[in-house]
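For reference, the structure is listed below as structure tokens.
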Amino acid sequence: MTSRIVAVDPFDLVVFGGTGDLAHRKLFPALFRRDHDGQLTEPTRIIGVSRKDMDKKAFKAEVRQALETFVSADELEKAAVTRFLARIDYVTLDATGEAGWSDLKSKLADGLDRVRAFYLATSPDLFDAIVHNLRDHGLITPKTRVVLEKPLGKDLESAREINAAVGEVLDESQIYRIDHYLGKETVQNLLALRFANVLFEPVWDSAHVDHVQITVAEKIGVGARGGYYDTSGALRDMVQNHILQLLCLVAMEPPGELGADSLRDEKLKVLRALKPIGDAGVRTLTVRGQYRSGAVDAKSVPGYIEELGDGAASSTETFVALKAEVQTWRWAGVPFYLRTGKRLPSQVSEIVIQFREVPLSIFGAAGGFLAPNRLVIRLQPDEGVKLYLMIKDPGPGGLRFREVPLNLSFADTFKVRNPDAYERLLMDVIRGSQALFMRRDEVEAAWMWADPILEAWSRLGQPPASYTAGTWGPSAAVALIERDGRTWHEDPS
Ligand code: BG6
């Protein structure tokens with residue numbers, strides 16, 4: 001099976017933070033792949049912007065190096081690399097000052113009719129200055145779109161400030177707040193699973209679902225990102241955005257159609273229905289952890305504090321587990337167990353829908369335990385969907401049962417490379433499709449839920465529980481779910 005490529009009209013994309021980690025690791029590889037597959041048309045241009053004083057030639061060498069590091073060698077056909085590098089340009093610019101803006105303007109001058117996208121892959125402190133400078137230098141055209149990378153603030157107040165500042169210059173229809181989890185293939189498949197099939201929707205409620213688990217586990221530590229991460233922590237970095245977005249897609253009502261606002265209206269209702277966790281709940285419903293040295297894949301790794309490297313203590317959490325609740329008729333009483341962490345034993349992101357037990361076993365003791373059905377939606381790695389069913393053990397010997405997964409592995413079913421989330425989302429920006437981007441009210445509603453947790457943690461003043469790198473977080477995270485008579489899902493196969 002081959003994927004369908006629909007070419008996009010020529011565009012100009014300006015990447016602020018063009019020499020940064022995200023641009024190297026994600027944006028240039030994603031754009032290269034779209035170009036390689038024939039989606040970019042002439043005379044599309046990609047202009048890197050940063051404070052660094054360098055010329056176009058040096059920047060192209062940097063982009064080439066990024067491709068060689070983050071794109072597999074077999075994808076790097078010479079002609080495709082040459083064509084892609086020919087699109088690249090560079091401007092040295094001071095985001096908060098005057099230098100460089102007129103250079104940028106003159107480079108863009110002949111592209112007034114094209115889609116013009118500005119990707120702000122910078123610290124959010126600069127968003128205000130950048131968008132105002134874009135306006136003051138006459139760079140905003142009717143076809144301008146601005147992409148805002150996360151984090152969108154560090155709490156509700158700062159998110160509101162960013163949104164207000166950006167809103168002074170741009171209309172909401174021009175603002176693309178990216179959450180790259182929404183661009184992941186399997187996340188979109190969740191929509192297909194729920195709304196393109198009749199099977200699941202009738203049982204997608206508290207009458208049939210016992211609980212939901214969402215796990216986003218990473219093996220990596222904070223590495224060179226310690227400076228940012230230490231001001232953030234797992235709740236701000238992963239839960240407030242990625243995990244809540246996944247929760248929304250699981251819990252939302254079917255939108256009337258797939259227009260950007262219909263989808264986002266439904267997600268917003270879920271965010272607003274999240275039961276607040278404040279001082280009273282924080283001790284029993286949340287667990288914070290921080291990794292100490294240990295081993296991942298049998299390789300010794302340093303602890304968080306050592307990785308930060310400044311010798312200072314830190315009470316930033318690198319792991320969080322939570323029991324959340326969505327207060328709607330559909331979900332009342334169904335716990336949503338959420339967990340994420342760095343330096344865990346495996347790299348896995350999945351959503352588990354645990355159904356209830358059958359109301360009565362007609363098979364008696366000899367049949368054994370009838371494990372309730374479980375739907376596992378695996379985002380990464382090995383994207384796919386598994387539905388665990390009870391079946392009869394083959395052969396004679398009476399009715400004995402075994403739990404077996406119906407396994408839909410996307411890699412085995414579709415022999416195509418799974419595009420990276422940024423490939424899809426960047427093309428959505430160019431096409432003007434906002435469905436997979438967060439609206440202002442969504443971001444603020446997510447902070448409204450996260451803020452009281454952060455405040456309660458800080459009032460409590462308790463440091464995060466330490467866990468050994470390469471384990472599944474502090475033991476309290478296991479207790480969080482086990483005291484409810486449930487366990488975290490472990491893939492038995
Ligand atoms: C980012 C976080 O948003 O998502 C990182 O800032 C995290 O800390 C990353 O590592 C995880 O993304 P993915 O696509 O690798 O699961």
(request) Determine ³J(HN,Hα), in whole Hz, for all residues of the stretch 238-251 in sequence, where each value follows from phi through the Karplus function 6.51 cos²θ - 1.76 cosθ + 1.60 and θ = phi - 60°; x replaces Gly and Pro. (result) 10, 7, 4, 10, 4, 6, 5, 5, 5, 4, 4, 5, 6, 9
(message) Treating the stretch 1-118 as a set of equal point scatterers at the Cα positions, no solvent, please give the Debye-formula log₁₀ I(q)/I(0) at q = 0.09, 0.24 Å⁻¹.
(response) -0.24, -1.51
(request) List, in order, the whole-Hz ³J(HN,Hα) value for each residue of the stretch 63-69 obtained from phi through the Karplus relation with A = 6.51, B = -1.76, C = 1.60 and θ = phi - 60°; use x for Gly and Pro. (result) 5, 4, 4, 4, 5, 5, 7
(request) Averaging sequence separations of C-alpha pairs under 8 Å and six or more residues apart, then dividing by the length of the stretch 239-396, give the relative contact order as a whole percent. (result) 15 percent
(request) Once you have all Cα-Cα distances for the stretch 254-323, histogram them in 10 Å bins from zero and send the whole-percent values. (result) 16, 25, 22, 23, 13, 1
(message) Tell me the net charge near A366. Cut-off is 13 Å between Cβ atoms, A366 excluded, with +1 for each Lys or Arg and -1 for each Asp or Glu.
(response) +1
(message) Per residue, how large is the accessible surface of the chain? Use a 1.4 angstrom probe and give square angstrom.
(response) 44 Å²
(message) Please list, ordered by chain and number, the residues whose modelled amide H lies under 5 Å from the amide H of I46; skip anything fewer than 5 residues away on the same chain.
(response) L13, I88, D89
(message) Modelling each spin label as a point 7 Å along the Cα-to-Cβ direction, I'd like the A479/R4 distance in nm, to one decimal.
(response) 5.4 nm
(message) Under the √(5λ) rule applied to the eigenvalues of the Cα gyration tensor, what semi-axes describe the equivalent ellipsoid of the stretch 403-482? Give them in Å, descending.
(response) 35, 27, 13
(request) Note down the nm distance, to one decimal, between modelled labels 7 Å out along Cα→Cβ at A280 and at A465. (result) 2.3 nm
(message) Just to confirm a number: summing +1 for Lys and Arg and -1 for Asp and Glu over residues other than L375 whose beta-carbon lies under 11 angstrom from that of L375, what do you get?
(response) +3
(request) Determine, for each peptide in 137-145, 437-445, 408-416, the mean count of other beta carbons within 10 angstrom over its residues, then list the peptides with the highest first. (result) 437-445, 137-145, 408-416
(request) Let me have the relative contact order for the chain, percent, based on Cα pairs under 8 Å that are six or more residues apart. (result) 18 percent
(request) Please list, in chain and number order, the residues 5+ apart from Y467 or on another chain whose amide H is under 5 Å from its amide H, with Hs placed from the backbone. (result) Q290, Y291, R292
(request) Please label the shape of the chain as rounded, prolate or oblate, based on the square roots a ≥ b ≥ c of the eigenvalues of the alpha-carbon gyration tensor (a/c under 1.5 means rounded; beyond that, a/b larger than b/c means prolate, else oblate). (result) prolate
(message) For the stretch 284-429, I need the span (max minus min coordinate) of the C-alpha atoms along each principal axis, in Å, sorted largest to smallest.
(response) 65, 43, 42
(message) Probe radius 1.4 Å, ligands and nucleic acids ignored: give me the carbon and sulfur share of the accessible area of the chain as a rounded percent.
(response) 54 percent
(request) Kindly list the residues of the stretch 309-345 that lie in the label zone of K269, defined by a backbone N under 13 Å from the point 7 Å along the Cα-to-C-beta vector. (result) 327-331
(request) In whole angstrom, note down how far apart the Cα centers of the stretch 220-234 and the stretch 301-365 are. (result) 19 Å
(request) First check a/c for the stretch 446-493, with a ≥ b ≥ c the square roots of the eigenvalues of its C-alpha gyration tensor; if it is under 1.5, answer rounded, and if not, answer prolate when a/b is larger than b/c or oblate otherwise. (result) prolate
(request) Give me the lysines in straight-line cross-link reach of K57: C-alpha distance below 19 Å, same-chain residues under 8 apart excluded. (result) K78, K107
(request) Search the structure for amide H atoms under 5 Å from the amide H of R374, placed 1.01 Å from N in the peptide plane, and list their residues when 5 or more places away or on another chain. (result) F355, Y388
(request) Please turn the phi angles of the stretch 405-415 into ³J(HN,Hα) values with the Karplus equation 6.51 cos²θ - 1.76 cosθ + 1.60 (θ = phi - 60°), one per residue in order, whole Hz, x for glycine and proline. (result) x, 7, 10, 9, 8, 5, 5, 6, 7, 10, 8
(request) Can you grab the distance from the C-alpha centre of the stretch 22-92 to the C-alpha centre of the stretch 399-440, Å, no decimals? (result) 25 Å
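The values are calculated or read from the model by the stated rules, or taken from the named source; none is laboratory data. Values in this document were obtained by computation on a predicted structure and should not be read as measured data. Every residue, glycine as well, gets a Cβ built from its backbone with ideal geometry; the counts of neighbours run over all protein chains shown. The area values use the complete protein model at the heavy-atom level, side chains included, leaving out ligands, DNA and RNA. Shrake-Rupley method; radii C 1.70, N 1.55, O 1.52, S 1.80 Å.
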